[in-house]
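Below is one structure; the comments refer to it alone.
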Amino acid sequence: ESNRALRVQRIEPLITRTFEDEEQAVFDPAVTAGIAGSRERGEQLGLGGKVSRERTEEVLSTAAISKFFSTGTTVGIDFSTDSTWSNLYSDQHQTRVGVTITQALLRGLGSDVNLARVRQAALDTRASQYELRGFTESLVSSVEETYWDYALARRQIEIVTESLKIAERQLKETEIRIKVGKLPEIELAAAQAEVALRREALIEARSTLEQTHLLLLRLLNPPGPNLWDREIVLQDRPVIPDARLADVESHVRVALRMRPDLNQARLQIQRGDLQIVQTKNGLLPKMDFFITVGKTGYADSFGDSVRDVDGKGYDVLAGVTFEYFLGNRAPEARHHRALLDREQSVEALDNLAQLVEVDVRAGFIEVNRAREQVAATAATRKFSEETVRAETEKFR
């Protein structure tokens, strides 16, 4: 809830999701409009050498809306008016309404290629969510490990402090035995060295405790003032888990299905497939069919020109455009690169899956080793205590 690094990471999927909207925007309708005016003055030579002065004013206004569809179709509707006023002839007003349809026939045809970038953006969003999940799992692991490191550091202080007390007691006993002549004076140096060594270990243990305390506070980041001076009270005590691990193969299967890094790698392959769709379509020549249909009204007033649009006059323009680069090297290079990128992603996924399996199997071995080591260490400690009691009795 409070870790600052996780707060930063939580924003990443939200940022990545904005690219989906950006890619979807290519299918949003586009509206354009404009108006322009001009004025012209000049002289014109007529019949009989008569010179007349001409003054012409013109206003041209346009408006259009167009939309691109995932099928590779672009549909546009446009409206325009052209009004001209002159002192030599009557006013002229022209109004036109038209529809233009352009359909890709080769390159850019079909929703697979036109939606590829949108689908890639969606995959990127899912990948960022897996990345957030992996980061969160790593954070949970770090908190738990640091918690137990802190518990160990505190216990280590107790152990080293007790060792120092024993070393100091042995030093006093050595001094007494030297004083009464039971030991030579040369034995004092070894006892003093042992005390110095234990004091050095205590300094190291205290430093480790302070550093672990800071690291755990950084991970937890509890609210409130004086963060670095906060005391940490440990509630859980270290115990040996009673649960037994299932067979290692079941753990491997879970890891191969659930590991966020593996799922990210799988999404990368899907993204590469979409890239191949785009680059393969890019190998085709560009050939588009277009048709424009319009109706125009003419009159000496703007209102009449609009009403005259319903007349019998119309215009139609249809055709095909073609474009192809000789050699076509750039599209071929992009397609070849996309194929190699996908091949690399597949190999990377296989390699990562193998590393994951190694991690799981190594972790499985380590858990069993640690469990057995605890039992073996407990037995060793028990026998060591018996040895200490026997040596103490002999010493007395």
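The values are calculated or read from the model by the stated rules, or taken from the named source; none is laboratory data. It should be emphasised that the depicted structure is a prediction, and the values quoted were computed from it without experimental measurement. When we count neighbours, we look across all protein chains shown, and the Cβ atoms used for this are built from the backbone with ideal geometry, even at glycine. Remember, those area values only see protein heavy atoms, side chains included, never the ligands or the DNA or RNA. Shrake-Rupley method; radii C 1.70, N 1.55, O 1.52, S 1.80 Å.
Here are the numbers for this structure:
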| item | result |
| --- | --- |
| Extension gain (nm, one decimal) between Gln235 and Ile276, 0.36 nm per residue minus Cα-Cα | 9.2 nm |
| R0 of 30 Å, Cβ-Cβ distance Phe322-Ser38: FRET efficiency to nearest 0.05 | 0.25 |
| Contact order relative to length of the chain, as percent, for alpha carbon pairs under 8 angstrom and 6 or more apart | 19 percent |
| Mean Kyte hydropathy of -1.0 or more with a Cα span along the axis of at least 24 Å, helices from DSSP in the chain | 4-24, 116-179, 187-220, 260-282, 329-395 |
| Mean Cβ neighbour count within 10 Å, used as a protection proxy, ranking 217-224, 119-126, 77-84 highest first | 119-126, 77-84, 217-224 |
| Simple spin-label estimate for Leu106 and Asp247 in nanometres, 7 Å along Cα-Cβ | 5.8 nm |
| Nearby lysines by direct alpha-carbon distance to Lys165 (threshold 24 angstrom, same-chain neighbours under 8 apart not counted) | Lys179, Lys182, Lys382, Lys394 |
| Carbon/sulfur fraction of accessible area - the chain, other protein chains in place, 1.4 Å, % | 56 percent |
| Cα gyration tensor, the stretch 1-153 - rounded (a/c under 1.5), prolate or oblate | prolate |
